[in-house]
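Notes follow once the structure below has been shown.
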Amino acid sequence: MTTEPVDWNFPTQMAVGPGRIAELPEFCQQQGIRAPLIVTDPGLAALPMVAAIKTACDDAGMTSSVFADVQGNPTLENVEAGVVAFHAGDHDGVVALGGGSALDAGKAIAFASGQNRPLWDFVDVEDGWMLAKSEGIAPIIAVPTTAGTGSEVGRISVITDSAQHQKRLVFHPQIQPSVVILDPELTLSLPSHLTAATGMDALSHSLEAYCTPAFHPMAEGIALRGIRLTQQYLARAVHDGNDLEARTQLLVASSMGATAFQKGLGAIHALSHPIGAMYHTHHGTTNAVCMPAVLQFNKTAIEEKLSAAANYLNIQGGFDGFCAFVDDLNASLHIPKSLTALGIADIDIDRVVAGALSDPSTGGNPVEMTPENTRKLLLACC
């Protein structure tokens, strides 16, 4: 593979390759952004990277500012504070810079900045997005600094309802960023444990999209290739954070997983969303912990399909071989073997099960989820 810059126009305008962040001012101008609000997280905001990006925008004649009041698993309060900052600075677009939390927050801020209804009116149920004023959505440029969530190509922002301890999926077709910059140099400093966690998030997206029974052959093909890229490059990036090719391929795999999951997700995410909202665990790590039990839970519906995937991935042993691959990958990345090992000592089974069954991801699971079997599944993860 070459690490030379490349450009794609699917699923949105994609600028891929080392050093592409230097083109951010040009992309802002292309999108009509003259006063970008750079939305990031507190950790990144303290790094020279963010200061350099702001300076580049200002030197290009734009008026930019940084908003970093974004926590892991961003909340409605974070979004509301961002909207206040957006209007106070007379901004006209958002540069969402960071991991999934910053990207989700940035997209939600750009969306909410031009609405006159509560954000929860636009959650991904019963076409709530049609209530939105499309003309009020500010343009968005996404710059991921982790390779996992794929939020840079997504039409959903995952925002936590702190009052209900529930993650809500805010949907609108126009919150898919207009431009995405996949610059692997921005991911080189990501610690190995976060590289592992975010990479497993990308794998969970492609895996669940591949397994869900909905008919979407294009997404299914993208999902299978996303699994392959993660198989090939995740361990490489974890063990050598400066491997530019591995970092590039993982960014691509992340975007592929999120492109594919418009086909659907399943029980991994249905469990992970309420667990993350209630216990503030890392989303990717939680997905990885739940993955082995969910594969067994869905075995009757996905055995043939994962056997075919195993053949493509050169994994021996069909379905069982694929499950062994996941177990071995988790072990090599030092992923905890259970939710208890993840640090959840006394999980509220009833609340997590209720949250899982109300999560939109539940509908895509290959095996119907009921209160009884979901409870057994959660206990298997503990």
### Query
Order of 58-65, 158-165, 245-252 by packing, highest average Cβ count within 10 Å first?
245-252, 158-165, 58-65
### Message
Tell me the net charge near P74. Cut-off is 12 Å between Cβ atoms, P74 excluded, with +1 for each Lys or Arg and -1 for each Asp or Glu.
### Response
-3
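Assigning unit charges at the beta carbon (Lys, Arg +1; Asp, Glu -1) and nothing else, what dipole magnitude in debye, to the nearest 20, does region 6-186 show about its Cα centre? Provide the component values of the computation, followed by the final result.
Values: 9 positive and 21 negative charges, 23 e Å.
That gives a dipole near 120 debye.
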### Query
Going by a ≥ b ≥ c, the root eigenvalues of the Cα gyration tensor, does region 77-217 fall in the rounded group (a/c under 1.5), the prolate group (a/b larger than b/c) or the oblate group?
oblate
### Message
Normalised by the empirical 2.2 N^0.38 Å for globular proteins, what value does the Cα Rg of the chain take?
### Response
0.93
### Query
Helix 318-332 versus the longest principal axis of the chain: what angle, 0 to 90°, nearest 10, using Cα atoms?
60
#### Entry: Binned Cα-Cα distances of region 191-381, short to long, each 5 Å bin given as a whole percent
1, 9, 17, 22, 22, 16, 9, 3, 0, 0
### Query
From the cross-link list K167/K376; K107/K133; K263/K299; K299/K376; K299/K337; K107/K376, which pairs have alpha carbons spaced over 26 Å apart?
K107/K376
### Highest to lowest packing among 83-89, 37-43, 265-271, scored as the average C-beta count within 10 Å
265-271, 37-43, 83-89
### Query
To the nearest 10 degrees, how steeply does helix 267-279 sit against the main Cα axis of the chain, on a 0 to 90 scale?
60
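Values quoted throughout were computed directly from the atomic coordinates according to the rules given, and no laboratory measurement underlies them. Please read these numbers as outputs of a predicted model, since none were measured by experiment. Note that we place each Cβ from the backbone using ideal geometry, even for glycine, and neighbour counts take in every protein chain shown.
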